[in-house]
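Participant: Please find one structure pasted underneath; my questions will follow.
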Amino acid sequence: MEVIRTQLADGVYLTCLPARKFKTSLLSAQFVTPVGEKTAAVYALLPAVLRRGTMRYPDMGSLSAVLDRLYGAQIDYTVRKKGESHCIGFVASFIDDAFVPGGEKLLEPVSALLGELICAPATRNGRFLPEYVEGERINLVDAIRGVLNDKRDYADLRLLREMCAGEPYGVSRFGDEKSAEKITPQKLYAGYTELIASARLELFYSGSADPKRVEQAMLNAFSALPRKQVRELRLTEPHPARQAIKRVTEEMDVTQGKLGMGFACGSRDTSALLLGNTLFGGSSNSKLFLNVREKLSLCYYASSVYHRQKGLITVSSGVEFENFQKAYDEILLQLKAVQEGQMEDWELEGARSTLMNAYASMGDSQARLENFYLGQAATGQSDSPEELAVEVRETSAERIFEAMNTVTLDTVYFLKGKEAAE
Amino acid sequence: MRETFYEKLGESVYRETLPNGLMICVVPKPGYAKKYAFFATRYGGMDVRFQLNGRWLDTPAGIAHYLEHKMFDTKEGNALQELAKNGAEPNAFTSNAMTGYYFDSTDHFEENLKILLSFVSIPYFTEESVAKEQGIIGQEIRMIEDNPDWQIYTRMMQALYQRSTGRISVAGSIESIREITAQTLYDCHKAFYTPSNMILTVVGDVDPVHVVDLARRILPREGGPVIPRDYGEEPAEVAKKETAARMEVSTPQFLTGYKCAPAAEGEDYLRLAVIGDMTCDILLGDSSPLYLRLYDKGLINGSFGGAFEMMPGMAYLYAGGDSKEAKTVAAEIQKEADRLVREGIDPDFYERVRRASFGENLRGLNSFENIAVSLTEGYFHGYDPFRFPQVFDAVASEDILRFLRENITEEHAVLSLILPRT
C-alpha cells in the first residue's frame, strides 16, 4: 500500500493513502496532545462546541444543509485516546468523485469546511457562543454519566482507572464530571487557542484524489491555522507493576456480575505479547473463549485486550455472582497454560493467522486505516501494517512464552449485584 | 450464471440458482484483500409456529437463536476453531426473520467456504451438548436484560404488536429455552436449513464460477418443501400506549414507535423501505427543522435518532434517545408530522434530503457485510436492493406525505420509557 507522508507546516503532517476501491473518501484532522486530568474534559468538550457552527455556517441547521447538499457528506467530531495522548478533531466522509452525479468535486468544499470548523468557529465578542458551550457541556456530563448504562464498558473503564490511578492512562477520554461541570466559555476558548497553536495536527486522507490535489486542498483549508511553540509529542510511560494486588469491589443493581482483571507486562517484546494475548483471550479461538465460556459455561463473554503502548493486558468478563471465584481461578489457570506453553500447534498458528488476517485486511477499511495511522503518529511510531504483519509472522513460540512469563496480576475489579450473597 | 452490472453504483452481481433451489450471489471486489461469505436461511426469532409434514408445530421462543449457537458443533469438534485456524473471523447472528453465518478471511478462502457450507448444512448435537448451551445462552439473556437499549426496544415492540411473533425476543427467555431439546433442534434444522430456503452471498476478489462449483459439490442435491409459517393475525391497533421500567441508568431514555402498514413482497418492499427511511430523515433526521429545534432547546442530544424497520407482515418507524423530557419530545414528533401533512415539505429541503439519502445508501456499499445482508433480504422479499437509485428517482414528496398521513398518527403511536432508579 502506498503511503505518502508530508509535513505541511510546523507540527502539521498529512498522511495520504491513495485508493480507488472505495465508494467514499475519508478526511481526518486530529490534534494530538498529552492526556491529563486537568485538560481532559476541556479537550473533550471542544470539538463538540466547534461542530455547532462556523463563521460562514453559524448553526447546525446551516451546517447540516451544506453537508446534505454535498451528497450527505458527514463530519463527525472524535475524542480518542492513543497511549497517553489525547486525540481530538473531526473525521469527514463523502462520496467519491466517481459517483457524484454531474461530476461535482467534493474534496475541496469538504476540506474547506473542515478547516473552518477548526480555524473559524462561530464566535460572539471573541468568545464561543455561551448557549453552544452550555448545551454541549450538559451533553458531555450526560455522556460521562452515561458510561454507567453499558455495564461492560463501565467495568472495563473502572478497571483501567483503578489500575492506572495517578497515571495519565487512567484518565477517561471525556474527563471527569466535576471538571466538565466547571468549564466556562472563557476557559474553553483559552484551551482552544492554546491547542490549535501548539498541538501537533495530524491530517489523513484516503480516496481516489491525486495526493498533490489533497495537499493543496489541505494547505488552503488550514492556511489560517496559527502556529507557535509547537509541543513535542509525549510518549507513553509503561505501567509499573504493583507489588501487592489491588482489589476493588463495587455493588450495583444488576443481574449479571462483571469481573475485570488487569495484568502488567514486564516484557517490551510487543509482537510476542500481542500473539500471547491473542492466544490467551484475544480471539474467538482463545483459551478464555474456549474454556471459560465454551467448556465451563461460566460467562457469556470472557476476552482480553493487549494495550500495546502501555504494556498491559486487561481481561473483561460477564459472570454470575456466585461464579466469580470459579471464573477468576479459571482465567488465571488459562494464563498459566499460555505461560507454560500448554497448547496445540493449531492454537498458535490460529492466533498468528488471526493477526495476519487483521493486518492484511486493514487496507479494506478507511476507518480502520485512519485509526491505525493516527495511533502510529500519536505514539511516535512508523511501522506499516505490512511491517507489523512480518513481525508477527517471525515471532517464535519461545519468544511468546518468555514474554508472557513477565505478565503478572496487578488489579482485580468486580461489579456485583446489591442483593447478592457473599 | 447471470451477470448484472449496476452502472450508477459501479458494482456487478453474478447470480445463479442451483437445481436444489439455493440462490448464489457473488459480488466481485477487485483490489480488496478481504473475502466475505454469508450463508443465510430464511428462519429467525419470529418463526416459532410452522407446518412440518402436514402438522402445525409450536416451538419455544428463542429456538432459532439456540440453533445458531449449536450449529458450530461438528462431529470433529467445532467449526469456529476450524475457521480460526485459517485466520478467518467467523460469526453468526439471528434476527427476527433470518439466521446468517459468515466469515471473512484473506487466505484459504475456498477451504473456509467449504467449512462454512458443511457445518451449516450438517447438524450435529447431542442431549448433553444442547443442555450445556443453556448456561451460555442463559448468561447472554441476562446480559441483554441488563442492557437498557434492549429493554426499551423490546418493550416498545410489545407495546406496538399484540400477536405478531415479531414481538418475541429473538433470544427467548431463560424459561422458554429450557424446553429446547436436541430433537426440536433437528426438526427445525430439517425444515428451514434446506438449500431452497437459503442463499449464499460472497463478496470479494473471487471467481464466481468457483464459488458456484463448490456449493454444488458440498450441499445436498435436493431442496425441501416450502414451510408454511404462522406469524399471528395482527390487528391494526397497538397493544399498549405506554410502557415504562426502572433500571440502573443515568438519564431517562425513550423510544416512540409508530405501527405502519406493511408492504407487499417485491419491489414495493424496497420502495416502502426507501419511503420509510426518507420519512425518518425529513421528520426527525439531523438536518430536519424538528431536530434542530429540539437540540437547541436541550430537549434532545446526539443520542437522538430514528429508523424505519420491516419484517414479514410488520413495518414500524421509531425514534428516541436520552431525554429528560421524553413525553414532550414524543409530542413534538407527532406535531411535526401533523404540520408536514398540513403544510407540505419544503422543496429545497426535500431535494437535499434526497441527495443525502442517496449518498448514505452508496456509502453502505463500502461494507461487505452490508452488501451481503441487503442482497439476502432482497432475495427473501423478492426485490433487487441494488436498484435503489431507480427507486429513489421514482419516489416523490407526495409519497412521503401519504406515508405520514396514513401511518404517523396518534393512534399508531406507543411510548417506551426507561427511567433511572430513584
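Participant: List the pairs whose first member sits in region B:76-93 and is polar (S, T, N, Q), whose second member is buried (at least 22 other Cβ atoms within 10 Å of the Cβ) and part of a helix (DSSP H, G or I), and whose Cβ atoms are under 7 Å apart, counting only residues at least 6 apart or on separate chains?
Facilitator: B:ASN86/A:SER353; B:ASN86/B:ASN112
Participant: Among the residues of region B:335-351, is there at least one that is modelled with pLDDT of 95 or more, surrounded by 17 or more Cβ atoms within 10 Å (Cβ to Cβ), β-branched (Val, Ile, Thr) and within 28 Å of the chain's Cα centre (by Cα)?
Facilitator: Scanning region B:335-351, I find no residue that is modelled with pLDDT of 95 or more, surrounded by 17 or more Cβ atoms within 10 Å (Cβ to Cβ), β-branched (Val, Ile, Thr) and within 28 Å of the chain's Cα centre (by Cα), so the answer is no.
Participant: Quick one: B:ASN147 ticks every box in (1) at pLDDT 95 or above; (2) within 14 Å of another protein chain (Cβ to nearest Cβ); (3) surrounded by fewer than 22 Cβ atoms within 10 Å (Cβ to Cβ) bar one, so which box is it?
Facilitator: So the condition that B:ASN147 fails would be (1).
Participant: Next question, about the same structure. Here is a check on your reading of the model: is A:VAL100 under 16 Å from the mean Cα position of the chain (by Cα) and within 14 Å of chain B (Cβ to nearest Cβ)? Outline the logic, then answer.
Facilitator: Values: under 16 Å from the mean Cα position of the chain (by Cα): no; within 14 Å of chain B (Cβ to nearest Cβ): yes.
Against the criterion (under 16 Å from the mean Cα position of the chain (by Cα) and within 14 Å of chain B (Cβ to nearest Cβ)), A:VAL100 does not qualify.
Participant: Also, quick follow-up: With respect to B:ILE137, determine if the residue is over 19 Å from B:ASP58 (Cβ atoms), at pLDDT below 95 and in contact with a Gly (Cβ under 8 Å, 6 or more places away or on another chain).
Facilitator: For B:ILE137, the condition - over 19 Å from B:ASP58 (Cβ atoms), at pLDDT below 95 and in contact with a Gly (Cβ under 8 Å, 6 or more places away or on another chain) - is met.
Participant: If you don't mind, there's one more thing I want to ask. Can you pull out every residue in region A:375-422 that is touching a strand residue (DSSP E or B) at 6+ places or on another chain (Cβ under 9 Å) and aromatic (Phe, Trp, Tyr)?
Facilitator: A:TYR413, A:PHE414
Participant: Quick check on my filter: what residues within region A:103-142 are of a type in the set (Ser, Thr, Tyr) and more than 10 Å from chain B (Cβ to nearest Cβ)?
Facilitator: Hits for region A:103-142 are A:SER111, A:THR123.
Participant: Turning to a different aspect of this structure: Of all residues in region A:334-354 being of a type in the set (A, V, I, L, M) and modelled with pLDDT of 95 or more, which is nearest to the chain's Cα centre (by Cα)?
Facilitator: Filtering region A:334-354 for residues that are of a type in the set (A, V, I, L, M) and modelled with pLDDT of 95 or more, the one nearest to the chain's Cα centre (by Cα) comes out as A:LEU335.
Participant: Continuing with this model, one more query. Looking only at region A:360-377, which residues are touching a helix residue (DSSP H, G or I) at 6+ places or on another chain (Cβ under 7 Å), more than 7 Å from chain B (Cβ to nearest Cβ) and surrounded by fewer than 22 Cβ atoms within 10 Å (Cβ to Cβ)?
Facilitator: Residues of region A:360-377 that are touching a helix residue (DSSP H, G or I) at 6+ places or on another chain (Cβ under 7 Å), as a first pass: A:360, A:362-363, A:368-369, A:372.
Add one more test, that the residue is more than 7 Å from chain B (Cβ to nearest Cβ), and what stays is A:362, A:368-369, A:372.
Within region A:360-377, A:MET362, A:ARG368, A:PHE372 meet the criteria.
Participant: Pairs please, first residue from region A:395-414 and closer than 16 Å to A:TYR328 by Cβ, second anywhere and charged (D, E, K, R) and in a helix (DSSP H, G or I), Cβ atoms under 8 Å, 6+ apart in sequence or on different chains.
Facilitator: Short answer, once both residue conditions are applied: A:THR411/A:GLU162; A:TYR413/A:ARG158; A:TYR413/A:GLU162.
Participant: Could you please find all residues in region B:129-143 being more than 7 Å from every other protein chain (Cβ to nearest Cβ) and buried (at least 18 other Cβ atoms within 10 Å of the Cβ)?
Facilitator: Selection gives B:VAL130, B:GLU133, B:ILE137, B:GLY138, B:ILE141.
Participant: How many residues are within 14 Å of chain B (Cβ to nearest Cβ), free of Cβ contacts under 8 Å to residues at least 60 places away in the same chain and under 18 Å from A:PHE401 (Cβ atoms) if we restrict to region A:316-347?
Facilitator: The total comes to 3.
Participant: Quick check on this structure: which one of B:ALA79, B:ALA88 is over 22 Å from B:PRO195 (Cα atoms), of a type outside the set (S, T, N, Q) and within 14 Å of chain A (Cβ to nearest Cβ)? Break it down stepwise before answering.
Facilitator: On the way: B:ALA79 fails: over 22 Å from B:PRO195 (Cα atoms).
Result: B:ALA88 is the single residue among B:ALA79, B:ALA88 that is over 22 Å from B:PRO195 (Cα atoms), of a type outside the set (S, T, N, Q) and within 14 Å of chain A (Cβ to nearest Cβ).
Participant: In region B:1-68, which strands (runs of 3 or more DSSP E) lie fully inside it and hold 2 or more residues that are without any contact (Cβ under 8 Å) to a residue 12 or more places away in the chain and under 22 Å from B:SER164 (Cα atoms)?
Facilitator: Result: B:55-58.
Participant: Would you mind finding the one in A:ASP142, A:ASP153 that is at pLDDT below 95, surrounded by fewer than 18 Cβ atoms within 10 Å (Cβ to Cβ), assigned to a helix (DSSP H, G or I) and among the charged types (D, E, K, R)?
Facilitator: Values: A:ASP142 fails: surrounded by fewer than 18 Cβ atoms within 10 Å (Cβ to Cβ).
A:ASP153 is the lone residue from the list that is at pLDDT below 95, surrounded by fewer than 18 Cβ atoms within 10 Å (Cβ to Cβ), assigned to a helix (DSSP H, G or I) and among the charged types (D, E, K, R).
Participant: Still on this structure, I have one more. In region B:369-393, which residue that is over 14 Å from B:TYR269 (Cβ atoms) and at pLDDT below 95 is surrounded by the fewest Cβ atoms within 10 Å (Cβ to Cβ)?
Facilitator: Ranking the candidates gives B:ASP393 first.
Participant: Assess whether A:ILE88 counts as being within 14 Å of another protein chain (Cβ to nearest Cβ), more than 19 Å from A:THR123 (Cα to Cα) and touching a residue at least 12 places away in the same chain (Cβ under 8 Å).
Facilitator: No: the conditions fail for A:ILE88.
Participant: Give the residue that is nearest to the chain's Cα centre (by Cα), with candidates limited to residues of region A:382-413 that are under 30 Å from A:VAL3 (Cα atoms) and of a type in the set (D, E, K, R).
Facilitator: Only one residue tops the list, namely A:ASP383.
Participant: In region A:170-219, what count of residues is obtained for those that are over 25 Å from the mean Cα position of the chain (by Cα) and of a type in the set (S, T, N, Q)?
Facilitator: Total satisfying the criteria: 4.
Participant: Let me ask something else about it. Out of region A:1-29, which residues are under 23 Å from the mean Cα position of the chain (by Cα) and over 24 Å from A:ASP97 (Cβ atoms)?
Facilitator: Within region A:1-29, A:GLY11, A:VAL12, A:TYR13 meet the criteria.
Participant: Something else now. If only one of B:PRO289, B:PRO312 is assigned by TED's automatic domain parsing to the domain that holds B:LEU401 and touching a strand residue (DSSP E or B) at 6+ places or on another chain (Cβ under 9 Å), which one is it? Lay out the reasoning, then the answer.
Facilitator: On the way: B:PRO289 fails: touching a strand residue (DSSP E or B) at 6+ places or on another chain (Cβ under 9 Å).
Only one candidate passes the filter, namely B:PRO312.
Participant: Quick one: which strands (runs of 3 or more DSSP E) lie wholly within region B:185-273 and hold at least 3 residues that are under 30 Å from B:VAL27 (Cα atoms), of a type outside the set (S, T, N, Q) and within 22 Å of the chain's Cα centre (by Cα)?
Facilitator: Correct list: B:198-204.
The values are calculated or read from the model by the stated rules, or taken from the named source; none is laboratory data. A quick note: this is a predicted structure, and the numbers were derived from the prediction, not measured. Note that each Cβ is placed from the backbone with ideal geometry, even for glycine, and that neighbours are counted across all protein chains shown.
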